[in-house]
Amino acid sequence: MQVPRFVVIAVVVAVLAIGGWFAFGRGQAPSGAPQAGGPPGMARLQPVNVARVRAESFSDRLEAIGTTSANESITVTAKAQGIVRALRFEDGQTVRQGDEIALIDNGEQDAKLNVELANLEEQRRALERTSDLAKSQNVSKSKVDEQTAALRKAEANVAAARARIADYRIAAPFGGILGTRKVSLGALVSPGTVITTLDDISVVKLDFAVPESFLAALKPGLDIEATTTAYPGEIFKGQVLAVDSRIDPVTRSIGIRARLPNPDLRLRPGMLMIVDLIKNRRDSLIVPEQALIPEPSAQFVIVVNTENVANRVKVTIGRRRLGYVEVLEGLRENDLVVTDGTLDVRPGAKVDVLNRDKLDKPASSAGQAPS
């Protein structure tokens, strides 16, 4: 029996319809059905990472190059001619004020002092005899005055002899570190012969110069931070001691002297240091640089509130620090700003904060501002 043509066509259409349903429609949710990873009826939330706005000390910094020098520094020299009889130090030794450094033979001066002491004693006895005679009116008053003057002269001669002997003893005028020996035991020295050097480096001076345009902001007491290649990564802190009274007419710069405490004596005179002169120190809010959304006329950030709703906020920024930027207006301390995913967040939409459990506690609940 022949099957009617319209029946064949109907069967073919039905088969095609069933095959299309299996190929394209099976397993797909209708347009209003919930997607994986979210509750029914809701689109998946945009994942983001955030950072907390925190307060830190901020300042303007001016960089310069400086050279260190000792707080006190002298070249120890002989003050008299003679033979070196003793050297009381080793190379690089630390001494205190008044410690003997070297001794020059003073035998001749000792003999001269003994002569003057004997003369002083004789003049003293002569004055006593003259005074006794004056009481009995056997000598005139002028004779007593003459003998008194002779006694004063003898006393002055003794003082001068003792001063000359002191020139043969070389002592440290202040505490510090001695350099290397420049003479040997038994050497003949004369006034000006170098014995060694003496430096007080418990505090070091740091001299540097800045352009004259910064003159109005310069004053003693400003903080500085200095670094040197000798101690990588270490910061030495000090203060400006003085600002020079003159501006260099060639370089149009002004000299500044600062002081750096050096209790462990690691800094030495002549070191090259990179100096940051710190001025206008203030407490400011900072955010990571990657939180900024720059536009031609303004800067924006995405702020996430307590309900995880993201909002676009215009901010005014100030100085920059490595990885961070100062915020002058637009934010409050402990606000949460988006750092990763800023370009994918729609203002007013809810977001999924991935790192909320890793955030620092707010300053108000921690009892103190974060460092």
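The values are calculated or read from the model by the stated rules, or taken from the named source; none is laboratory data. In this text, all values refer to a predicted model and were calculated from it rather than measured experimentally. In this analysis, Cβ positions are derived from the backbone assuming ideal geometry, glycine residues included, and neighbour counts consider all displayed protein chains.
Per-residue answers, yes or no, for (1) within 14 Å of R54 (Cβ to Cβ); (2) hydroxyl-bearing (S, T, Y); (3) in contact with a Ser or Thr (Cβ under 9 Å, 6 or more places away or on another chain); (4) crowded, with 20+ Cβ neighbours inside 10 Å:
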position	(1), (2), (3), (4)
I286	yes, no, no, yes
V303	no, no, no, yes
E307	no, no, no, no
V313	no, no, no, no
R320	no, no, no, no
Y324	yes, yes, no, no
E329	no, no, yes, no
Being more than 19 Å from D99 (Cα to Cα), of a type in the set (A, V, I, L, M, F, W, C) and at pLDDT below 95 narrows V183, V210 down to just V210
Being closer than 30 Å to A64 by Cβ, at pLDDT 90 or above and not assigned by TED's automatic domain parsing to the domain that holds G66 is the requirement here; does V301 meet it? no
In the range 167-194, which residues are of a type in the set (A, V, I, L, M, F, W, C) and either part of a loop (DSSP other than H, G, I, E, B) or without any contact (Cβ under 8 Å) to a residue 40 or more places away in the chain (or both)? A172, F174, V183, L185, A187
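Every residue, every condition in (1) more than 30 Å from D167 (Cα to Cα); (2) at pLDDT 90 or above; (3) in the same structural domain as F208 (by TED's automatic domain parsing); (4) among the aromatic types (F, W, Y), yes or no:
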{"position": "G32", "(1), (2), (3), (4)": "yes, no, no, no"}
{"position": "V53", "(1), (2), (3), (4)": "yes, yes, no, no"}
{"position": "D91", "(1), (2), (3), (4)": "no, yes, no, no"}
{"position": "D99", "(1), (2), (3), (4)": "no, yes, no, no"}
{"position": "A111", "(1), (2), (3), (4)": "no, no, no, no"}
Looking only at the range 116-151, how many residues end up being surrounded by fewer than 13 Cβ atoms within 10 Å (Cβ to Cβ) and under 60 Å from the mean Cα position of the chain (by Cα)? 0
Output the residues belonging to the range 320-332 that are acidic (D, E) and under 28 Å from the mean Cα position of the chain (by Cα). E326
Could you list all residues from the range 246-283 that are among the polar types (S, T, N, Q) and either touching a Pro at 6+ places or on another chain (Cβ under 6 Å) or surrounded by 17 or more Cβ atoms within 10 Å (Cβ to Cβ) (or both)? S253, N262
